[in-house]
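Novice: I'd like to ask you about the structure that follows.
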Amino acid sequence: MSRSRHLALAGALATLAALGPRPAAADIVNIEARRPTLPSERKDGWSGSFALKFAFRTGNLFLIDIGPNGTVNWLRGRHSVLSLFSYNFAAKADPKSGQSINDLGRQDSAFRHNGLGHLRYAFEVLRWLDVEAYTQLATDQFLLLRTRYLVGFGPRFALFEDDLFGAYLGTSYYAEHERLDPDQFLLQPGGQGPTNWWHRWSNYLTLRLRATESLLLTSITYVQPRFDRLRDVYLLNDSVLEFKVSPYISFTLSTSIRFDSAPPTYCTGEADPAGSCPSASVYTLPTTDVRVENALLVSF
């Protein structure tokens, strides 16, 4: 691919990163953004990164959050191990309680946390084909998610790859165990209660472009329907713009749109004497979350 085409594609991906398509109720992880993918990035041994981020979010709630996240990767020949962790503290204003974005930072702002860990192993069968297995554990007080655990496996295809640009397609099966807050849970379309096992088909397309020595753009789109209920689907479009200011320090800008077609419904108030939830306290999580995030990234 010519340098002029690389720069044209850089402009298109930069537009995605600036305008929107990042993280609704599911924690889809964009491990691709921190994965040593292009031939020029793959080197045997240990590598990784650590970031301290600041984020602003609208959708299910208004929030400002600050927190660390990082990756640790190991590559040896055809074998690679990728890991990712994140933990966030945040102040929020809750639309379902009548609060607005102007309530952020006030004394009664609620403080919550969420955390996530992801581990993935990949084996290179052919130059254009990897097989992967992965596991993930997450909790998110903002979305009333007590725990979400999943395991999965499947192939990953290199559709196109050179030292500057790569396009990759992954497809896999995964099983997830989800436990929502039972004290406030009312219903979830297609669910059996606050605790469920789902079986999903995960598909993603990754575009990764090193436009210059200091500029890296990654865009990834996930589609994850349930096998037994195809209209129950998670969608995510995530774009990351990384600007390197030294061999070890970068600034990143990430934007996401996340969609859950079947979010749960909760009771946010006290039950009435008959044990029912008052209609004013019934709240269904919005299907869509929008997130814009910047971070200082230290790589090793």
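The values are calculated or read from the model by the stated rules, or taken from the named source; none is laboratory data. A quick note: this is a predicted structure, and the numbers were derived from the prediction, not measured. Using ideal geometry, Cβ is built from the backbone for each residue, glycine included, and neighbour counts are taken over all protein chains shown.
Novice: Take the conditions touching a His at 6+ places or on another chain (Cβ under 7 Å), surrounded by 14 or more Cβ atoms within 10 Å (Cβ to Cβ) and of a type outside the set (Gly, Ala, Ser) and apply them to residue 61. Does it pass?
Specialist: no
Novice: Scan the stretch 175-184 residue by residue and report those that are in contact with a Ser or Thr (Cβ under 9 Å, 6 or more places away or on another chain) and surrounded by fewer than 19 Cβ atoms within 10 Å (Cβ to Cβ). Steps first, answer last, please.
Specialist: Applying the first criterion (in contact with a Ser or Thr (Cβ under 9 Å, 6 or more places away or on another chain)) to the stretch 175-184 yields 177-180, 182, 184.
Listed by number, the residues that qualify are 177, 179, 182, 184.
Novice: Of a type in the set (A, V, I, L, M, F, W, C), closer than 20 Å to residue 292 by Cβ and surrounded by 20 or more Cβ atoms within 10 Å (Cβ to Cβ): is that true of residue 235 in this structure? Before the answer, list the steps.
Specialist: Numbers: of a type in the set (A, V, I, L, M, F, W, C): yes; closer than 20 Å to residue 292 by Cβ: yes; surrounded by 20 or more Cβ atoms within 10 Å (Cβ to Cβ): yes.
So residue 235 passes the test.
Novice: Please list, ordered by residue number, the strands (runs of 3 or more DSSP E) wholly in the stretch 153-226 having 1 or more residues that are under 30 Å from residue 280 (Cβ atoms) and at pLDDT below 95.
Specialist: Counting at least 1 such residues, we get 165-180, 185-187, 195-210.
Novice: Filter the stretch 35-90 down to residues that are of a type outside the set (A, V, I, L, M) and in a strand (DSSP E or B), then give me how many there are.
Specialist: Selection size over the stretch 35-90: 29.
Novice: Name the residues in the stretch 227-240 that are closer than 15 Å to residue 34 by Cα and either modelled with pLDDT of 95 or more or in contact with a Pro (Cβ under 8 Å, 6 or more places away or on another chain) (or both), would you?
Specialist: 238, 239
Novice: Restricting attention to the stretch 91-102, which residues are of a type in the set (D, E, K, R) and outside any strand (DSSP E or B)?
Specialist: Listed by number, the residues that qualify are 94, 96.
Novice: Now for a different question. Please determine whether any residue of the stretch 105-115 is surrounded by 18 or more Cβ atoms within 10 Å (Cβ to Cβ) and under 17 Å from the mean Cα position of the chain (by Cα).
Specialist: yes
Novice: For the condition buried (at least 17 other Cβ atoms within 10 Å of the Cβ), modelled with pLDDT under 75, of a type in the set (A, V, I, L, M) and under 23 Å from the mean Cα position of the chain (by Cα), what is the one hit in 26, 91?
Specialist: Residue meeting the stated conditions: 26.
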